[in-house]
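The structure under discussion appears below in the form of structure tokens.
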Amino acid sequence: MKLARVLSVILLASMVLVACASSAPSTSQAASASTPVVQVPAASLAQANHLLICTDFPYPPQEFFNANGDPQGMDVEIGNEIASRLGLKVQYINSVFDTIIAAVTSGKCDIIISAQNITTDRTKQVSMIPYFQAGQSFVTLKGNPNKINTPLDLCGKAAAAESGTTEADYLQGTGDYAGKGLTQACVAAGKQPINVVVTAKDTDALQQLQAGKVAVYSADSPVAAYYTVQHPDQFELAAGGQVLEPALEGISVPCGQADCTNAPLTPVGQAVQAALKSMMADGAYLKILTKWNLATGAVK
């Protein structure tokens, strides 16, 4: 199947489900049939007996829709299992990544599971519970026509990344990379800055590469690897497959304060953390990561 067709299926599913709640079955029947790990106060939830999870679809293999429009991926299975262990039904709210924190803090969902790197800026706005580790990678067209063999080979060329992501910050020198991003490194080396193309959705950034408008598409390392494995005739990893800026990813929970930096976890946050710890203790967590070939990103 050609990539254009794959992307059209993904994007169609996204448009149908944007801003809508998508039900997904639990991955653990045993957990749902037993006593919840922690009882979540009903008043703490956006919707009674439900765990609403904000996620930016698609971002495979962590979150994407199958041919039937059902959510799947590593993050989805982790969310399913957490909800199951809390005795709650799970629903996914498809959210734009650049405004996903505003979605959770305004009560549209209870938590975020969406490949969010833990950054200083984000931990001021929400509490973040570490659950995975990944880095950044560059994807180029097959044959590496722009000869991107090192990060600095991007100097003077164009790169695409989704708005609000660590990748966009790293390329531009914004957020936690203020003044010390890759484009600043280019200038310091006497080279031209990078032309960073920031897109609303991750699939838009990938399409920029597919159309030959940029030299590379930048994404989290699991996502970059996924596309090169699924479409080896079209894409390959640039910069020698180097994984840049490894960082923890976190499950985000509102803290109920203006600054969440040192705020204690709310009852929902405590419950999610307890469920995640129980998954790690009995092996369910590692089983999910292994299924998606992401066990190297496991955290303790």
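The values are calculated or read from the model by the stated rules, or taken from the named source; none is laboratory data. For clarity, every value in this text was computed on a predicted model and none was experimentally measured. Backbone-built Cβ (ideal geometry, glycine too); neighbour counts: all protein chains shown.
For the stretch 216-224, the criterion of a residue being closer than 19 Å to ALA158 by Cα, surrounded by fewer than 20 Cβ atoms within 10 Å (Cβ to Cβ) and not assigned by TED's automatic domain parsing to the domain that holds VAL126 is satisfied by no position. Here VAL268 fits the description: in contact with an Asp or Glu (Cβ under 7 Å, 6 or more places away or on another chain) and surrounded by 17 or more Cβ atoms within 10 Å (Cβ to Cβ). Please go through the stretch 214-257 and give me each residue that is at pLDDT 95 or above, out of contact with any Gly (no Cβ under 9 Å at 6 or more places or on another chain) and assigned to a loop (DSSP other than H, G, I, E, B), ordered by number. The answer is VAL214, ALA215, HIS231, PRO232, ASP233, GLN234, ALA238. I want to confirm something. Restricting to the stretch 83-115 and keeping residues that are touching a strand residue (DSSP E or B) at 6+ places or on another chain (Cβ under 7 Å) and in a helix (DSSP H, G or I), which single residue is farthest from ALA46 (Cα to Cα)? Among residues in the stretch 83-115 that are touching a strand residue (DSSP E or B) at 6+ places or on another chain (Cβ under 7 Å) and in a helix (DSSP H, G or I), the one farthest from ALA46 (Cα to Cα) is PHE97.
This table checks each residue for (1) surrounded by fewer than 21 Cβ atoms within 10 Å (Cβ to Cβ); (2) within 21 Å of SER163 (Cβ to Cβ); (3) not polar (S, T, N, Q).
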{"site": "VAL104", "(1), (2), (3)": "no, yes, yes"}
{"site": "CYS109", "(1), (2), (3)": "no, yes, yes"}
{"site": "THR119", "(1), (2), (3)": "yes, yes, no"}
{"site": "ALA134", "(1), (2), (3)": "no, yes, yes"}
{"site": "PHE138", "(1), (2), (3)": "no, yes, yes"}
{"site": "LYS142", "(1), (2), (3)": "yes, no, yes"}
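Residue pairs whose Cβ atoms lie under 6 Å apart, separated by 6 or more positions or on different chains, with the first residue in the stretch 126-142 and farther than 29 Å from THR261 by Cβ and the second crowded, with 24+ Cβ neighbours inside 10 Å and among the aliphatic types (A, V, I, L, M), are SER137/ALA224; PHE138/VAL216; PHE138/ALA238; VAL139/ALA224; THR140/VAL216; THR140/ALA238.
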